[in-house]
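Derivation of every value follows stated rules applied to the coordinates shown; laboratory data play no part. None of the values given here were measured: they were computed from a predicted structure. Note that we place each Cβ from the backbone using ideal geometry, even for glycine, and neighbour counts take in every protein chain shown.
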């Protein structure tokens, strides 16, 4: 099953090579198949994860370079199952949204499918070598995708950031981060002495003979910062909003929806799993740093006027909640963080898809130029309100559940940071409602009289898929949370063997 | 019985789902589904109520399922039926049904008719989620969802910039309040048990067990009170309610008068055990309520928009209820909530009928409606008299109950309450005399269709008999454990209060008649004579100005802009640009080695060889 998920987009990409450049219809059909197969697979995984057993499941293992301890090892636990599902949803809807791409269609889908493969690879790999390989494979296609098919960020007719600037910046940042992480990974490999890149084997080896605490303290920040760049951790976030803004819709969707989650996923999977003493030492710092993400990112989003920049900064603000959930080191908060990765991914993919939809017709996403689009596009406006409300944490959407769990789980540990987090929800409501008001409401503008709504079921499909997924998880989160918890709880118990409790007090009657 | 209880909650939800999935282009289906859903809920609530009366059902009835079930954290979703929630359910579904039926007439020609009923059903579900909630998280979910439905309904005519802005304002102001409310819920949960695994959100369990020591209960109480301050539009977060009148009138009647804004008061009743034990918090609550009641009544004096007059009046009456609760008068507050739902919904619907008939809502441009719209005028009059507290209409009894409590507990608030009663009578009289009596000023209305009039009659009947339904006994029966008889000012005190308040109301009405009915002095002259206070009130005490100054000049200009500046100058130009510059400088420096002259390379090569050889020889 895992191989099918991983190979379907790769095979799709190879099949594209066999086509002529002008066979656009076939290119698109293949892309749809290559992403819908993993979606079905992800749904299968989500429904067939054995919560009672826990741990890594559906494993695939092929030995490769035995002398170095490298093997092709795939497997999922509750956390990665959730993220595979997220990525499958975003990848599938992204292909549908990309139907509007008209130039160099074949090359576009080729890079797109490589990107999809890379991200699936990261979520599925249980071998550090392949983990890193797929991680780079996910980052590199972004460069041409933004540089060729992207758009400049304009304000008031003037170019504020060119797409070339955006794509250079993004690639350099992410590659630098990856190099820092690579140093950390190699150091870790050498210092364990187990001569294996296999994650479960490393876990066992380190459980039997943990690394020296001071060494863990050196290794942890390398991995945290290396992967934190893509998360994006403040103040290393500045590549992300600009990158989102310049990318074509489907790439923004994947980028904000899934790529950022690679960072937080990698932090959970590698440094937190392998370096418990390092995590105990460094995560309190992270807890304070991500308050900057939340509050500062929110205020910067408030002062933006390009819609994609607003959503971009809002993503870096909301990823602050994910990092806060990780940093709390309680099972409930970690459950919330993982669920928020899922929820935020879907919400932000929805937002970028919608912006892309009307940008194509209005040719502007500069807030002061927009208005009254609900008259021409009631369906898109409805989805826009839904995205804004999901983002502001309205009950009924998965984002609410996730944020609630982070607040509940983190309260005992970091009350001040949690208070700031709750305040961040107010900031989100302010800029999100401003976007809805400025884009969809108000009198109909004559400049946009020609625009049309998404009418056919096919055009509406990507939006409906994302909205329904957000609502299903938001209304009935129990099974999903149980799946996440099956993996999150053992991890936290591994890092914090004994939870320090507040001194018990006698009950007041 | 459990099935009945769930049906109350699920019928409106099913209706909302039906409208959104299949009814969005089928007008008759949309409105019938919405009305039917709410009527079913009303029927179920009534049946439960009768069963409770006859003793066939033992209250409280609670049923739950686990919505989130993690080790050490369970969050439930359920239905709690006790006298308090039953009464509120009856009000929401009963008054709501009347308003839904009315809306089919009022919104008849609206382009987004189906969407309107879809959101109304969603609202009904959310409101019932609050009312029937068994725990704080469920209540908070309903709380946010009513805010969302309110946002959509205020902005129903989103093409109007004023309506779009008003919806946004309502949502954001409520969010600010909910920041405190959410923290209050978090802290309440955190201190609900000494053992983290035993913590609970459940109302009945909390009430039974109380909080652990060291819980900072005053802080928790104040934070929880933030919720009602936002939702029930208490001073200083009252600013969103008058603007919310941009929504269609049935919305104003249902959400911004009878039910949603009363949710804050309901919440205070629901958690009364907590507030009751905290005198400091009770003091804050009663003064916030009293000040709101008085200030809002002042604002209503100078307002010319019929719906906004009623909105300020709603603020003022909500202030009364909050004050009553702060004074410990749980029964009185809840009693006034119920009667207010009847007569304020009636007033709004009658005002809606006027707007429907004349397309005008400025009272200065109306006049003489009594001749054109006899039934509408009559029902408005009944509502107005109930609002003033004229015996034996329902408003009289509930207002008496509040003033009696105030008289016994706090003379200062009693005087404020009496003064407010006088102002209420004056502005109500003003609206009546200017808009309904005298000569028509340009607008000749036509009477509304029966589908709008019949709900008016029903509500008028309820406003008349609301004082004789035995509501206080019903509410008092809902106090768990030790029954706490409140009020108790003694008979003589009660009579005195009654006499004072009737006299004040008579003075207020009389002055309104002299100024606006008989016109012995022109109102303009009075306004000139009192220029300073008038302008202060006309500018709404400058509170809106203060907020917009904050938003535009502090938040946008200083906070958001300085973050943006840091982002641009420090992080992007400084940090990122600095690293780029460093890299470039390094590149330039290192490039100097690459001279391109072979002789230089050979020289370096030789030096290297010599160095290697010497170090190897050593």
Between residue A:104 and residue A:456, the two model label points (7 Å from Cα along the beta-carbon direction) sit apart by a distance in nm of 2.7 nm
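Under the definition of partner shielding as Cβ atoms of other protein chains within 10 Å of a residue Cβ, what is the mean value for peptide A:167-177? Walk me through the intermediate numbers first.
Working: counts 0, 0, 3, 0, 0, 4, 1, 0, 0, 1, 0.
For peptide A:167-177, the averaged partner shielding equals 1.
Could you work out the relative contact order of chain B? I mean the mean sequence separation of Cα pairs under 8 Å and 6+ apart, divided by the number of residues, in percent. Write down the numbers at each step before the final one.
Details: 985 pairs, mean separation 70.9, N = 618.
Value for chain B: 11 percent.
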Compute the helix-to-body angle for B:279-301: its Cα long axis versus the longest principal axis of chain B, expressed 0 to 90° and rounded to tens. 70 degrees
Arrange the peptides A:192-205, B:2-15, B:141-154 so that the one whose residues have, on average, the most other Cβ atoms within 10 Å appears first. B:141-154, B:2-15, A:192-205
Euclidean distance between Cα centres, segment A:168-228 to segment B:2-20, Å: 53 Å
Fewest first, what order do B:187, B:216 take by the number of other Cβ atoms within 10 Å? B:216, B:187
Per residue of chain B, what 222 nm ellipticity follows from adding -39500 (n - 2.57) for every DSSP H run with n ≥ 4, rounded to the nearest 500? -22500 deg cm²/dmol
Sorted by mean Cβ packing within 10 Å, highest first, what order do the peptides A:25-38, B:314-327, B:381-394, A:156-169 take? B:314-327, B:381-394, A:25-38, A:156-169
Once R0 is set to 51 Å, what does the formula 1/(1 + (r/R0)^6) return for the Cβ-Cβ distance between residue B:568 and residue B:451, expressed as a FRET efficiency to the nearest 0.05? 0.30
By its C-alpha gyration tensor, with a ≥ b ≥ c as the square roots of the eigenvalues, how is chain B shaped: rounded for a/c under 1.5, else prolate for a/b larger than b/c, else oblate? prolate
Here the gain from full extension of residue A:191 to residue A:175, 0.36 nm per residue of separation minus their alpha-carbon distance, amounts to 3.4 nm
Please work out the FRET efficiency for the pair residue B:47 and residue B:365, using the Cβ-Cβ distance as r and a Förster radius of 51 Å; give the result to the nearest 0.05. 0.60
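Most exposed first by the Cβ proxy, i.e. fewest other Cβ within 10 Å, how do A:332, A:76 rank? Before the final figure, lay out each step's value.
Details: A:332 29, A:76 25.
Starting with the residue having the fewest Cβ neighbours, the order is A:76, A:332.
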Give the angle, between 0 and 90 degrees and rounded to the nearest 10, that separates the Cα long axis of helix B:83-106 from the longest principal axis of the Cα atoms of chain B. 90 degrees
Report, to the nearest 10°, how far helix A:199-208 tilts away from the longest principal axis of the Cα atoms in chain A, using its own Cα long axis and a range of 0 to 90°. 30 degrees
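Would you please classify the overall shape of the protein assembly as shown from the alpha carbon gyration tensor, given that a ≥ b ≥ c denote the square roots of the eigenvalues, rounded means a/c under 1.5, and beyond that prolate means a/b larger than b/c while oblate covers the rest? Don't skip to the answer; put the middle values down first.
Numbers: a/c = 2.15, a/b = 1.83, b/c = 1.18.
Prolate is the answer for the protein assembly as shown, as a/c is 1.5 or above and a/b outweighs b/c.
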Before anything else, pin down the relative contact order of segment B:64-212: Cα pairs under 8 Å, at least 6 apart, normalised by residue count, whole percent. 21 percent
Modelled label reach - residue A:165, point 7 Å along Cα→Cβ, segment A:225-258 residues with backbone N closer than 15 Å: A:238-247
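Using just the helices of chain A, give the 222 nm mean residue ellipticity in deg cm²/dmol: DSSP H runs with n ≥ 4 each add -39,500 (n - 2.57), and the total is spread over all residues, rounded to 500.
Details: 22 runs with 346 residues, N = 509.
Helix contribution divided over all residues of chain A: -22500 deg cm²/dmol.
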Where does each of B:602, B:131 land when they are ranked from fewest to most other beta-carbon atoms within 10 angstrom? B:602, B:131
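Please compute, for peptide A:438-445, the average count of beta-carbon atoms on other protein chains lying within 10 Å of each residue's beta-carbon.
Working: counts 2, 0, 3, 11, 7, 5, 1, 0.
Per-residue shielding by partner chains comes out at 4.
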Here the relative contact order (percent) of chain A, from C-alpha pairs under 8 Å and at least 6 apart, is 15 percent
Provide, as a two-decimal number, the C-alpha radius of gyration of segment A:2-508 over 2.2 N^0.38 Å, N being how many residues it has. 0.93
Shielding by partners for B:555-562, please: the mean number of other protein chain Cβ atoms within 10 Å of each residue's Cβ. 4
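Quick check: from the Cα gyration tensor, does segment B:339-477 come out rounded (a/c under 1.5), prolate or oblate? Before the final figure, lay out the partial values.
Values: a/c = 3.31, a/b = 1.65, b/c = 2.00.
In terms of gyration-tensor shape, oblate.
Output the peptides B:427-437, A:273-283 sorted from most to least packed, where packing is the average of other Cβ atoms within 10 Å over each peptide's residues.
Working: B:427-437: 24.5, A:273-283: 21.6.
Ranking, from highest mean packing down: B:427-437, A:273-283.
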